[in-house]
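One structure is given here, and the rest of the page talks about it.
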Amino acid sequence: MPKMNFKRVLEALSGNISGLSSSSSNQNIEPNFSSTLTADQFQPYKISRHGFPYRPTAFAYDPVQKLIAIGTYAGTIRIIGCDGVDRYITHESDKPVINLIFLNNQGALISVCADDAIHLWNLRQTQPAILHSLQFNRERITCCNLPHGSKWLYIGTDKGNVHLCHIESFTLSGYSISWNKAIELSQKSHPGQVIAISENPCNESRIIIAFQCGSFVLWDLKQKQALQRYFCNNTIHQVCWHQEGKQFMCSHNDGLISLWSVTSSAKPLSFQRPHGKHNKLPRPLRKLTGWAAQTRKEIFESLVIFSGGLLDDYDSQPSITIMQGKSITVLEMGSPVVDFIAVSSTPWKCDNQDPTDILILLNKELVVLDLKTPGYPCIEPPHALDIHDSPVTCLEFFLDTDATLLPTLQHIAALKPHNSNSSKKAWPISGGESKMGDYEGIPELLVSGHADGSVRFWDATAGFLKPIYKLRTYKIFHRARNSSGDEEEDLCRITNIALCTHTQTLITTNVSSTIIIYKLNASEIHTEITFLPSNITCLCARLNCPRQPTLPEPIRMIMVNLRSRPIAPHPTQVLCSTDGDNYGVAKSSAKSGSFRQSPGFQSNFLCLLSDDGTSPPMSVFLSVDTVNNLLSVGTIMSLCVIDLTQKSLLFNVNTNNVLLSIDGKMQISKLRAAEKEDSLTNLESGSAVPSTKSKRHIKISKKNTSLSLEKSIGSLENFDDHVLSRGSSSNDSDQPRLNECVTLLTFSSTHLRKSYNSMIPCLWVGTQSGCLFSIAFNNSDRRNNHRVAILPLGTLLQLNGAIVSCVFMSSTGQVLEGSTKLPSQLASEEKADHDHDTTGDASRDIQFMVVTSERQVKTFSFPGLSCIHVYDLPLECGQFIRSSVDTLMSGVCSACYTSNGHIVVLTLPSLNTLLNVAYLPTDERIAHTFCFTSDGQAMFLPTPTEIQRIAYYGGIHENVQELVGHLFFPCPDVEKPATGFLKGLFGGGYTSLDRDSLFGENVNGKTKSIAKLIPGTGGSSFEGFRHGEFSKLKNQVVERGERLGELEEATQRLHDSASRFSAVSHAVMLKYKNKKWYQM
């Protein structure tokens, strides 16, 4: 590689392009676009939540509507149906949800929280809301049960009592079952809390009440007495009835299953310990479900499903056990089992149960098993239920404006063979009504990086999430191993993602400071990866720079880490021990030689930033220019630019060195003194002409020189290593050792001055102390033979706080993304335009730049680089950590997110406040993962397993709400099975109970002191929302109409008969009117 004299570069830097800020450009140039946005259009809204609920605690399933509900430890509920039907609801309190019960096919849900409150949710409206709440005061709720088709909810408490709640009025009945009436008179001790309540499937007047002490009672509701009392020495966990209602099973804490009869309470019919041995007792058997399932024609086998019950030696592995006849199958689960529900063809427990699937809620995922296929294979979900196969470490959002990337990825994903081990059955959770097919907007793409080195692509169109493609970056490495010999996946942990949807180029960085460049290809190839080492740590040591930054405030280091996006919920794990300055970070070596790469994103270039093992994992900032095929990389200590065409390193320098070259000493010592005195001091921005508006500014001295931009850029050669330390070795004692950490990199073609006809491709670099400077490139059409020349310009801007973002806009308000065409192409086009129009338009060269720092937002105009407007963030809002310029329907605005959870929206270019609200909690995970979507929306990770999508612009919220599906879809009720003649003759049929007359208002009781009714916002009464009530009312109206019709016909007949009688009577009267009595 030829060498370049760095001395000429420094001389060019001191001159800095004469005329860049000429007197003709000093006046502020106002843009010719205006915004019609108003403050009333902005308000943050929650749109949707994706992923698996974090720390689930409760589970429910509606077999008619085919919906599931999952409650969490934080008091939230997720209701999930078909693709596009997903609701996220929260309680006012953050107490855990301990129980969920669907009112089957009625569009309602009952939730029970740990604060002893019961809530009734209305699911028939777009956003579910609470109809009523019942707050218990003196007793704690331990269990609840609602039989299918019943209006009365059984509530067990810690004092051993059972209360009944009418779900329509949500009030307690005066009828209750006290513990002292349920136990034996001879029993002197309290039975403990109610563990389980279960109604006889064939007799509505009989229920089983299980207590903590091991006793359970068969209670007759109609007779108000205990029919049978049972006692067992072991604690009971679950009670399950046989479908005929003559037997029931209990699960115990020692892994025992006991079978009891309703006619005998002396001893159980049988004991069974499925996983027990002679001297080893298993763990508690938590959940139990059993039927008499019809597996073959006219052959019935008992089917029992339970969780837990394994021996202590195997208890660390969660499992589900399926006992069918004499066969026992143990299914190992990947995480602890929270709950499971068997899916049957009928919700009536008195009907023949023939379960087809089983829904298993684990602590980290939802598993659905096919019970009708041998081996019980899994059923694959059609949409994303879990995004955390491996912990999410970074998150990025992109708009596929060309509408080519998403179809290509979907085509590649379709080429992959289907998992032969999975079931081909349809997904049983398919309820609700989706409207995703009505969306006609721009396709949206969400890209997530993970701790295992994988990158996953999601279709985020219309506010919903669907998995498309998964890239495994670790496949190009030889997997490193730790001391125990196990593969260590943390070496490939993704830390940053850059994607160009136009050229379909993907760039990733991992915790080993390795940069990988990918190109999308729909065909399989065999290729060899080019390896480019770039030892930044040795360069910094040669420059006598400390490895760790010396910053005046600890919060600044936190903000640097937030913007660098190492988004894992836990710190990066260092593999080797550290001694002194030896950090010992292990590296994954790339594969050598040609190897096969499957269709998708394929890599042929890899760059390792640091390979000497003497520095910790670095925070890496990326910016790619796909037009000029350049990649800029900034770290906590240096800046480098890579030529992706020639696969070579253009330059690799320390940021301090570049800044010192621009302004000599630059008076950094004064800057540090000012930051120590007051970290929130507003600093005026530097320009080509020193500002006189304030005493606190950075003076940038410039020497007039005749060196032109074209000549200086075209004559540059490689940097010379022995000159790199010039800026820090001449007056080392006078210069402070302050590392200028890179916090922003962005490419843009900029009008440097009016005298230059074309835009110059530039790289703008922002630093930790608030400095923003540019580096120009002289690109060539013949990139394979000519090297790109580089010239750091003398323009230096200073803002208050670290630079967060830098966005360029045209004179009409259009956001300019990246560089434009090559200078030769631009020159030829402009020359052609000049030939047609000699006058030209002066406004075509005007550009505007929106710069956001931690404390300020400023707008500048090009050429001249004059500051137009300034916005200073209030102290109580914290610091800006995310910023984006969004193009909305009514104008352009700047959206920012602060460290205190504030969302700030400003007009452009005037920077007037449209929205400033504290919306989110101060959470490190949210700050790490928060990203704007450039269309009035934002995404972040509120929990390690979920992605929250919000909108802060009302127009976007209205559009998304039109695409939100409905949870409730009218379905016909499943009819109750008819009782056969023989069963009814011999007493084996179904026995109903008039619960309303037994538990209704006729029974007196004091219930106000037990629970308090709290009205909600979801409606005034539940009766109008019941599907069954609608059917009843409809039938009654039809019947009444028929009766009215019959009555009208009878009335008409009576009228006709009366008319005839009147006519006959009148004729008789006329006949005998003039006759005497003796003439008759």
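The values are calculated or read from the model by the stated rules, or taken from the named source; none is laboratory data. Not measured: the values here are computed from a predicted model. Here the Cβ is made from the backbone with ideal geometry for all residues, glycine too, and neighbour counts use every protein chain on show. What goes into the accessible areas is simple: the full protein's heavy atoms, side chains included, and nothing from ligands, DNA or RNA. Shrake-Rupley method; radii C 1.70, N 1.55, O 1.52, S 1.80 Å.
Less than 5 angstrom separates the built amide H of D351 from none of the residues sequence-distant by 5 or more or on a different chain.
Working from the Cα coordinates of the range 53-135, the gyration tensor eigenvalues give, after taking √(5λ), semi-axes of 18, 14, 11 Å in decreasing order. Of the peptides 62-71, 762-771, the order by per-residue mean of other Cβ atoms within 10 Å, starting with the highest, comes out as 762-771, 62-71.
When the accessible area of the range 53-135 is computed with all protein chains present and a 1.4 Å probe, what percentage of it is carbon and sulfur?
C and S fraction of accessible area: 46 percent.
Accessible surface ranking for D459, D1056, 1.4 angstrom probe, highest first: D1056, D459.
Taking I98, I387 and ordering them by how much accessible surface each has at a 1.4 Å probe, largest first, produces I98, I387. Sorting 417-423, 931-937, 971-977 by their mean Cβ neighbour count within 10 Å, with the most densely packed peptide first, gives 931-937, 971-977, 417-423. Checking the Cα-Cα distances for K224/K349; K475/K519; K416/K466 against a 19 Å cut-off, the pairs over it are K224/K349. For T887, the accessible surface of its heavy atoms amounts to roughly 80 Å² (probe 1.4 Å, protein chains only, rounded to the nearest 10). Taking Lys and Arg as +1 and Asp and Glu as -1, the other residues whose beta-carbon sits under 9 Å from that of P53 total +2.
The distance from the alpha carbon centre of the range 886-922 to that of the range 61-127 is 33 Å, rounded to a whole number.
In this structure, the residue pairs whose Cα-Cα separation is over 18 Å, taken from K66/K364; K372/K424; K151/K976; K151/K181, are K66/K364; K151/K181.
The simple spin-label model puts a point 7 Å past each Cα toward its Cβ; for S261 and E975 those points are separated by 3.5 nm. For the range 48-96, the gyration tensor built on C-alpha atoms gives a prolate shape. Its axis ratio a/c (a ≥ b ≥ c) is at least 1.5, and a/b is the larger of a/b and b/c.
Taking the centroid of alpha carbons for each part, the range 408-461 and the range 497-527 are 20 Å apart.
Altogether, the Stokes-Einstein calculation at 4 °C and 1.567 mPa s, with the Kirkwood radius of the range 342-466 over Cα pairs as Rh, returns a diffusion coefficient of 75 µm²/s.
Averaged per residue, the range 53-135 has 26 square angstrom of accessible surface, using a 1.4 angstrom probe with ligands and nucleic acids left out. For T356, the solvent-accessible surface with a 1.4 Å probe is about 40 Å², rounded to the nearest 10. In order along the range 123-129, phi translates into HN-Hα couplings of 9, 7, 9, 4, 10, x, 9 Hz, rounded to whole numbers, per the Karplus curve 6.51 cos²θ - 1.76 cosθ + 1.60 with θ = phi - 60° and x for Gly and Pro.
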